[in-house]
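Only one structure is covered here, and it is reproduced in the block below.
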Amino acid sequence: MKERRPMSSPFLYVALGDSITEGYSVPRKYGYAPMFTSLLQGTGHQVTLRNFGIKGMTSSHLLTQLYVPMVQQSLQQANLTTVCIGGNDLLYAYVQYVFYRNTLIYSRVVNQFTVNLNRIYSIVRQHTLAPIYAINLYNPFPNSRSASHWIPVLNQAIARTSERWEIPVVDIYHRFKGLEHRLIYGYRRGVLSDLRLLGIKPIHPNFLGHRVITEALWEVIRRS
């Protein structure tokens, strides 16, 4: 296992996650990961970002990615790692629910996500003792009953699992609550039926939304 590295230059930040981590919805993919990198650079560090965020990534996909040699090598060199995952797990659960109308689909997905997140933390910890921060989920569909129920349920799973591994959670759920129309790119009515097969999906943070995530991450790190 990699020994814990001091926060000194040079500094490597590894970002794991889905399209939010990738910065899918903002110009030049300048999302929270590069924003946070710039913030760290402002503290005098020579910071390098390795962003492994991929659009459509689920917790199962992230488990597979963690066996890629480049990812493992980056974790071994990391001074700090963030994990932002779970949104697509629930999104795919919703798609299955539309077809099968079985509410048990959601609970099965949350249970499998919890198993996956435990394995994710275990594998990451095998490669680094540097700080890890989890980022929970905001709700892009606050006016839908199922989203308003299951996103907090998944966030509870993130909180419980992260506590077990002594990993701080960056709470962006409450940062976005009530401000979804300002922080989400393409936001319309805040209901799941806003989703379309083609065109803009009102899911991802806009530039301001990514800045909110960056600020929340920075505050948690400063308290740690």
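The values are calculated or read from the model by the stated rules, or taken from the named source; none is laboratory data. Worth saying up front: this structure is predicted, and the values here are computed from it rather than measured. In this analysis, Cβ positions are derived from the backbone assuming ideal geometry, glycine residues included, and neighbour counts consider all displayed protein chains. Protein only, heavy atoms only, side chains kept; ligands, DNA and RNA dropped before computing areas. Shrake-Rupley method; radii C 1.70, N 1.55, O 1.52, S 1.80 Å.
Quick notes
- Taking every protein chain into account, the accessible area of the range 1-107 amounts to 49 square angstrom per residue (probe 1.4 Å).
- Summarising the label geometry, the points placed 7 Å from Cα in the beta-carbon direction at Asn102 and Tyr30 lie 4.7 nm from one another.
- Ordered by 1.4 Å accessible area with all protein chains kept, Glu219, Glu180, Glu22, Glu163 run largest first as Glu163, Glu219, Glu22, Glu180.
- Pairs of Lys residues in the chain, spaced 8 or more positions apart or belonging to different chains, with C-alpha separations under 20 angstrom: 4 in total.
- Area of Asp194 that stays accessible when all protein chains are in place (1.4 Å probe, Å², to 10): 10 Å²
- Net charge of neighbours whose Cβ lies under 13 Å from the Cβ of Tyr187, counting Lys and Arg as +1 and Asp and Glu as -1: +2
- Lys177 accessible area, assembled protein chains, probe 1.4 Å, Å²: 120 Å²
- Each semi-axis of the equivalent ellipsoid for the chain is √(5λ) with λ an eigenvalue of the Cα gyration tensor; in descending order they amount to 28, 20, 15 Å.
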